[in-house]
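> Attaching a single structure in structure tokens format; questions to follow.
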Amino acid sequence: MENQEKASRVIDTLTGPFEKKYLPKMAAALPAWVNPDHLTVLGIFAAIVIGAGYLLTWQSIHWLWLSNAGLILHWYADSLDGTLARVRHIERERYGYFVDHICDAITVLFLCFGLGLSPLMNLNVAMLLIITYFLLNIYVHIMAYAQNEFRLSYSKIGPTEVRIIVFLLNTGIFIWNPTSVEYRGHTLTALDIGGLIIAGIFFIVFVAVSIKDAIKLDKQDRAKLNK
């Protein structure tokens, strides 16, 4: 736990400058009775909204806008809970670390299960997305212990960018509403193809950074042994 507390946050994203400038102002403008726990609960509610919107697409594709609204609400809550704590100097390091990442895991489950149980994506593809995301998540937390580095972004892509990508995919599906395609006896939707590509990218990144950091840590430990 000591290493987790001291791990430095590494986040370099496209939206980082905007968030760094405006999130503290947004947090400072919140009423005094709003605390970080309220925003955490709001984030979980937003995750449920996202999943519900996907499920309801069995009734109408227009429900994708509910998922998009949930994505915006989730960005607001997830981005501001920690920011509010820092602005008010009421940080609870271990509690915040624990709750924040438990809620992130819950959000991914709701989002992917909602997609997998909708007509938009095959459940197997959604489960593959969950698995590869959690592989990266496991890597991040291991490095927080092993290297005191808590990485939240890769190639300028962080949580906010992922939400924007999902928002745009939802909007594209609503406007375009592509038909399914057959591939080797399997019916694939546009989101199936997109999900497979994203899962593949997640897995490649996981393997690449794991090998790179394993070599780096091995060199560091060998250097200590040779002193």
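The values are calculated or read from the model by the stated rules, or taken from the named source; none is laboratory data. On a predicted model such as this, the values are computed, not experimentally measured, just so you know. No Cβ is skipped: glycine too gets one built from the backbone with ideal geometry, and neighbour counts run over all protein chains shown.
> Is one or more of the residues making up the stretch 191-212 modelled with pLDDT under 90 and either farther than 18 Å from TYR133 by Cβ or in a loop (DSSP other than H, G, I, E, B) (or both)?
no
> Still on this model: From VAL49, VAL41, grab the single residue that is in contact with a Leu (Cβ under 7 Å, 6 or more places away or on another chain), without any contact (Cβ under 8 Å) to a residue 60 or more places away in the chain and within 26 Å of LEU115 (Cα to Cα). So that I can check it myself, show each step before the final result.
Values: VAL41 fails: in contact with a Leu (Cβ under 7 Å, 6 or more places away or on another chain).
Every option except VAL49 fails the conditions.
> Identify, from the list ALA190, ALA144, ALA199, the residue that is under 24 Å from LEU111 (Cβ atoms), touching a strand residue (DSSP E or B) at 6+ places or on another chain (Cβ under 8 Å) and small (Gly, Ala, Ser).
Details: ALA190 fails: touching a strand residue (DSSP E or B) at 6+ places or on another chain (Cβ under 8 Å); ALA199 fails: touching a strand residue (DSSP E or B) at 6+ places or on another chain (Cβ under 8 Å).
Unique residue meeting the criteria: ALA144.
> Just a yes or no: is a residue in the stretch 152-162 of a type in the set (Lys, Arg), within 23 Å of THR107 (Cβ to Cβ) and touching a helix residue (DSSP H, G or I) at 6+ places or on another chain (Cβ under 6 Å)?
We begin by selecting, within the stretch 152-162, every residue of a type in the set (Lys, Arg); these are 156.
Next cut, within 23 Å of THR107 (Cβ to Cβ) only: 156.
Remaining after also requiring touching a helix residue (DSSP H, G or I) at 6+ places or on another chain (Cβ under 6 Å): none.
No, every residue in the stretch 152-162 fails to be of a type in the set (Lys, Arg), within 23 Å of THR107 (Cβ to Cβ) and touching a helix residue (DSSP H, G or I) at 6+ places or on another chain (Cβ under 6 Å).
> Another question, then. Checking the condition on the phi < 0 side of the Ramachandran plot, of a type in the set (A, V, I, L, M) and loosely packed, with under 13 Cβ neighbours inside 10 Å, which residue from ALA32, ALA77, ALA52 passes? I'd like the intermediate steps shown before the answer.
Working: ALA77 fails: loosely packed, with under 13 Cβ neighbours inside 10 Å; ALA52 fails: loosely packed, with under 13 Cβ neighbours inside 10 Å.
Sole residue among the options that is on the phi < 0 side of the Ramachandran plot, of a type in the set (A, V, I, L, M) and loosely packed, with under 13 Cβ neighbours inside 10 Å: ALA32.
> If you don't mind, another one. Which numbered condition in (1) out of contact with any Asp or Glu (no Cβ under 8 Å at 6 or more places or on another chain); (2) surrounded by 17 or more Cβ atoms within 10 Å (Cβ to Cβ) is the only one that LEU39 fails?
(1)
> Restricting to the stretch 12-29, give me the number of residues that are more than 13 Å from ARG88 (Cβ to Cβ), surrounded by fewer than 16 Cβ atoms within 10 Å (Cβ to Cβ) and in contact (Cβ under 8 Å) with a residue 60 or more places away in the chain.
Of the residues in the stretch 12-29, 2 are more than 13 Å from ARG88 (Cβ to Cβ), surrounded by fewer than 16 Cβ atoms within 10 Å (Cβ to Cβ) and in contact (Cβ under 8 Å) with a residue 60 or more places away in the chain.
> Only one of these is among the charged types (D, E, K, R), in contact with a Gly (Cβ under 8 Å, 6 or more places away or on another chain) and either modelled with pLDDT of 90 or more or part of a helix (DSSP H, G or I) (or both): ASP104, ASP78. Name it. Write out each step before concluding.
On the way: ASP104 fails: in contact with a Gly (Cβ under 8 Å, 6 or more places away or on another chain).
Exactly one residue qualifies, and that residue is ASP78.
> What pairs come up if the first residue lies in the stretch 144-157 and is outside any strand (DSSP E or B), the second is surrounded by fewer than 18 Cβ atoms within 10 Å (Cβ to Cβ) and of a type in the set (Gly, Ala, Ser), and their beta carbons are under 7 Å apart, counting only those six or more places apart or on different chains?
ASN148/SER8
> Go through the stretch 115-134 and count every residue that is surrounded by 17 or more Cβ atoms within 10 Å (Cβ to Cβ) and either in a loop (DSSP other than H, G, I, E, B) or in contact (Cβ under 8 Å) with a residue 60 or more places away in the chain (or both).
Pass one, the stretch 115-134, residues surrounded by 17 or more Cβ atoms within 10 Å (Cβ to Cβ): 115-116, 118, 120-122, 125-126, 128-130, 132-133.
Keeping just the survivors that are either in a loop (DSSP other than H, G, I, E, B) or in contact (Cβ under 8 Å) with a residue 60 or more places away in the chain (or both) gives 115, 118, 120-122, 125-126, 128-129, 132-133.
Number of matching residues: 11.
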